[in-house]
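Bear in mind that the values in this text are calculations on the coordinates, not laboratory data. Note that this is a predicted model, so its numbers are computed, not measured. No Cβ is skipped: glycine too gets one built from the backbone with ideal geometry, and neighbour counts run over all protein chains shown.
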Amino acid sequence: MFLDIETVPEHYKFNDLEPRSMDLWTAKTRWIQEREQKSPEEIYERAGIYAEFAKIICISLGYFHEQDGERSFRLTSLYGHEEKGILQSLTALLKKFFRDRDALLCAHNGKEFDFPFIARRFIINGLKLPDVVDLAGKKPWEVQHLDTMDLWKFGDYKHYTSIDLLTHCLGISSPKSDITGADVARVYYEDQDLERIKEYCERDVISIAQVMLKFKNLDLMEEKEVVRI
């Protein structure tokens, strides 16, 4: 199952934080402040990538389905303002899909971002971790995670490769449109346009699936193969 998440700061502006949270943000980002010579407030635009200061507003998921020799890509999104409800819906979906122990959860940079972020937000919301996300006590070969960025590294740990760059060099249509990840918080808080964010998230999921097809030397999917459910 291919997955992508969109996150935003729980509070849009630094000055919206309570004093204790301001202090904790300042302490957590001190090394960035020193390296870039910026204030905690200037760095706060990055709060959306820290699970302690952000929330999930959209999770898009997709998987390939074959029937009578016809391939389709089933795509769905869990999104809204209530993060706890999104995570509860994710649990129900994962329980259904991961009855098969050979199933894998795949994201781009998922091991560094999506998977741990989701797990942390489950804990923060007081919810039980789905088994596929709970890594406690598991051996490396028991973890049902796949990361397209990790695969692209081929053992090289020196650099990050975005999904936009990877799709470009592989000749896959870009997942990016009129917004980027940096715009998500603004679109959420100022434009209040969740649909736009959902569409952006879904395009990333399609692109991750396309990358995997390319890795496997299989034909890329066409738009008509995408079925939204």
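Observations on the model:
- Rounded tilt (10° steps) of 194-215 against the dominant C-alpha axis of the chain: 50
- Counting every C-alpha pair in segment 2-228, the share spaced more than 33 angstrom apart comes to 18%.
- FRET efficiency estimate (nearest 0.05) - Cβ-Cβ, K38 to H65, R0 35 angstrom: 0.15
- The distance from the alpha carbon centre of segment 50-88 to that of segment 112-153 is 15 Å, rounded to a whole number.
- Crossing angle, helix 83-97 versus the chain [Cα axis fit, 0-90 degrees, rounded to tens]: 20
- Length gained on full extension, D23 to K158: 45.4 nm, using 0.36 nm per residue less the C-alpha separation.
- Normalised contact order of segment 92-229, rounded percent, pairs of Cα under 8 Å and 6 or more residues apart: 21
- Rounded to 0.05, the FRET efficiency of the L170 and N125 pair, given R0 = 30 Å and the Cβ-Cβ distance, is 0.25.
- Full extension of the segment from N15 to F215, taken as 0.36 nm per residue of separation minus the current Cα-Cα distance, would add 67.5 nm.
- Under 20 Å from the Cα of K158 - lysines, other chains or at least 8 residues apart: K111
- Placing a label point 7 Å from the Cα of V227 along the Cα-to-Cβ line, the residues of segment 72-91 whose backbone N sits under 19 Å from it are 72-78.
- Candidate lysines - alpha carbon under 27 Å from K224, same-chain residues fewer than 8 apart omitted: K96, K176, K198, K214, K216
- The angle between the Cα long axis of helix 114-124 and the longest principal axis of the Cα atoms of the chain comes to about 60 degrees, rounded to the nearest 10.
- Charge tally around G110: other residues with Cβ under 11 Å, Lys/Arg +1 each, Asp/Glu -1 each, net -4.
- Loop GluC sites (Glu not before Pro), segment 73-145 (other Cβ atoms within 10 Å of the site Cβ: 16 or fewer; DSSP): E82, E112
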